[in-house]
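To start, the structure under review is shown below, and the notes come after it.
The values are calculated or read from the model by the stated rules, or taken from the named source; none is laboratory data. Note that the structure is predicted; figures quoted are calculated from it, not measured. A quick note on method: Cβ atoms are made from the backbone with ideal geometry, for glycine too, and the neighbour counts reach across all protein chains shown. Ligands, DNA and RNA are excluded from the accessible area calculation, which covers all protein heavy atoms including side chains. Shrake-Rupley method; radii C 1.70, N 1.55, O 1.52, S 1.80 Å.
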Amino acid sequence: MLDIQLLRRDAAQVAERLGARGFTFDTTRFEALEAERKTIQTRTQDAQARRNALSKQIGMLKGKGEDTTAVMAEVAGLGDELKALETRLGALQGELDGFLLGVPNLPHESVAPGKDETGNVEVSRWGTPRSFDFPVRDHVDLGEGLAQLDFAAAVKITGSRFVVMKGGLARLHRALVQFMLDVHTREHGYTEVYVPYMVNAESLRGTGQLPKFEEDLFRVPRTDADRLYLIPTAEVPVTNLVRDEIVPLDALPLKFVAHTPCFRSEAGSYGRDTRGMIRQHQFDKVELVQMVKPEESYDALEALTAHAETILQKLELPYRKVLLCTGDMGFSSAKTYDLEVWLPAQNTYREISSCSNFEAFQARRMQARFRNAQGKPELLHTLNGSGLAVGRTLVAILENYQNADGSVTVPEALQPWMAGCSCLRRE
RNA sequence: GGAAGCGUGGCCGAGUGGUUUAAGGCAGUGCUCUUGAAAAGCACCGAGGGCUGAUACCCCUCCGUGAGUUCGAAUCUCACCGCUUCCGCCA
């Protein structure tokens, strides 16, 4: 959510900056709502003050045993008026809230303007894509060739966009999780957390998935009133740890890492990446989350992105780092770097991590604050990034480490978690 | 799933319809005293919003959440949520 003070001061400038990310901010509607809110709120509060004063007077008179009929008559007409005003104010504030919850974050000044992913800017490349002296296979052929990846089984037991892994490949998947968690906790100072895989609507509103993107989520119906949702990313439960909290200054920065499955409906991506593990309804991810002081959040974004890069470097997977342009960023983000790993079979780089600074956008929705040096509550800045998407990392390893005979070499960095297995072969 | 009880500020805890502007204590902050510390004393000490040039004053809202009764609700009514204890079931 944007700072309403900023909108009141200069809605036109905000509208212009939002225009850069392809969002049309309805200045007229906002200003009309605000003007009415101001009038009604003033009138409501005046009426409340009058009622409070008169009621207090009745109490005092009764205490002294005096007659109250005159004051009672005066306050009599106030009840209906007040009720009408309060109802109207509530409706207006609800409307204004709904309006503001649908407005995306402002892009940071360092973000290049652009319409879509073609406007993104490559920042750096690491590693050199390997050249193969045999025909390159994709991860589906490799995994099925090893008899360790089974899409047909997943279709049978669940449906499309799920997968079953077996044997060494399943173990490699688990090894990746352990490896990533160990690197981030031991070398990067993150605290490991285990969190629920289902969350309530308030948590999703806090990080920005609701109310706008409900169709991307899997809903778990209970009663109508309190439905739960499967998490689309650990960002949701982990960031919401600080919702409605005031964190002491000396506890900052907070750095959490969590491994969870993620569930996405992929509505609107029919036909995209239908083959293989690239786009699944269920995938595992190791997520990095930070809550920091505002003045430190852009340094924190660089550091967090570097933490994710470390994983790719240790696995010796070639990748590039891309700064998303204004038109390609997520709803809540002020600045986002994507890390894209090299996939030989697709002969291209594919997203494997997305690292974002949300500034105070999520914190304002969550009322997530810290006590500043002056002792006053102040909104935190929140960040997160994948460190990394486990399924896609597995894909990258299969394709980059494949051998001519269809076997796959296990990257050296993972071998401590592989119980002596250094190569995946058909058993 | 059944039964009973309980949700008040960072924490403990008083308050069962009106001088409550939520008592008192603990913790915290500042000051006095002191060579220093401790102790003692004094003062300050919740959050959100409105208004405003203002982090000043003033006003509104908040006692788990939401509705209701009333001129007036922490207090009464209803629903929901959560916690505790007992029983049942269970990894």
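Quick rundown of the values:
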{"item": "Accessible area in the full protein assembly, largest first, 1.4 Å probe, for A:46, A:182, A:338", "result": "A:46, A:182, A:338"}
{"item": "Spin-label pair residue A:405/residue A:124, simplified geometry with 7 Å Cα→Cβ offset, distance in nm", "result": "3.8"}
{"item": "Nearest-20 debye value, segment A:99-252 charge dipole, Cβ charges on Lys, Arg, Asp, Glu", "result": "500"}
{"item": "Cβ charges +1 (Lys, Arg) and -1 (Asp, Glu), total dipole of chain A, debye", "result": "600"}
{"item": "FRET E, pair residue A:24, residue A:216, Förster distance 22 Å, beta-carbon r, rounded to 0.05", "result": "0.55"}
{"item": "Rounded FRET efficiency, nearest 0.05, which uses the C-beta distance separating residue A:310 from residue A:348 and R0 of 22 Å", "result": "0.45"}
{"item": "Loop GluC sites (Glu not before Pro), segment A:129-214 (other Cβ atoms within 10 Å of the site Cβ: 15 or fewer; DSSP)", "result": "A:187"}
{"item": "Degrees between helix A:167-186 axis and first principal axis of chain A (Cα, 0 to 90, nearest 10)", "result": "50"}
{"item": "Between 0 and 90°, nearest 10: helix A:78-101 axis offset from chain A longest Cα axis", "result": "20"}
{"item": "Pair residue A:110, residue A:133: separation of 7 Å Cα→Cβ label points (nm)", "result": "4.4"}
{"item": "Heavy-atom surface of chain A, accessible at 1.4 Å and reported per residue (Å²)", "result": "47"}
{"item": "Solvent-accessible surface (1.4 angstrom probe) belonging to residue A:295, in square angstrom, nearest 10", "result": "130"}
{"item": "Rounded to whole Å, sorted largest first: equivalent-ellipsoid semi-axes of segment A:4-99, Cα gyration tensor", "result": "43, 11, 8"}
{"item": "Translational diffusion of chain A, µm² s⁻¹ [Kirkwood Rh, Cα pairs; Stokes-Einstein; 37 °C; 0.692 mPa s]", "result": "134"}
{"item": "Selected from A:283, A:218, A:254, residue furthest toward positive end of dipole (chain A; charges at beta carbon)", "result": "A:218"}
{"item": "Label-point separation, residue A:427 to residue A:53 (7 Å along Cα→Cβ), nm", "result": "8.3"}
{"item": "Computed lengthening from residue A:36 to residue A:157, 0.36 nm per intervening residue step minus Cα-Cα distance", "result": "38.0 nm"}
{"item": "Neighbour-limited loop hits for trypsin sites (Lys or Arg not before Pro), segment A:229-290 (at most 16 other Cβ within 10 Å; DSSP other than H, G, I, E, B)", "result": "A:272, A:275, A:279"}
{"item": "Max mean-square fluctuation residue, GNM over chain A, Cα-Cα springs under 10 Å, options A:120, A:400, A:372", "result": "A:372"}
{"item": "Leading residue at positive end of dipole, segment A:1-67 (Cβ point charges), from A:63, A:14, A:52", "result": "A:63"}
{"item": "Residues in segment A:364-401 reached by a label modelled at residue A:197 [backbone nitrogen below 16 Å; 7 Å Cα→Cβ]", "result": "A:390-391"}
{"item": "Where a label projected 7 Å from the Cα of residue A:373 along Cα→Cβ would reach, residues of segment A:241-261 with amide N under 20 Å", "result": "A:247-254"}
{"item": "Once exposed loop chymotrypsin sites (Phe, Trp or Tyr not before Pro) are cut out (DSSP; at most 11 other Cβ, 10 Å), longest piece of chain A", "result": "A:1-193"}
{"item": "Ratio Rg/Rh [Cα only; Rh per Kirkwood] for segment A:162-209", "result": "1.12"}
{"item": "Degrees separating the helix A:4-19 axis from the principal Cα axis of chain A, which is the longest one", "result": "40"}
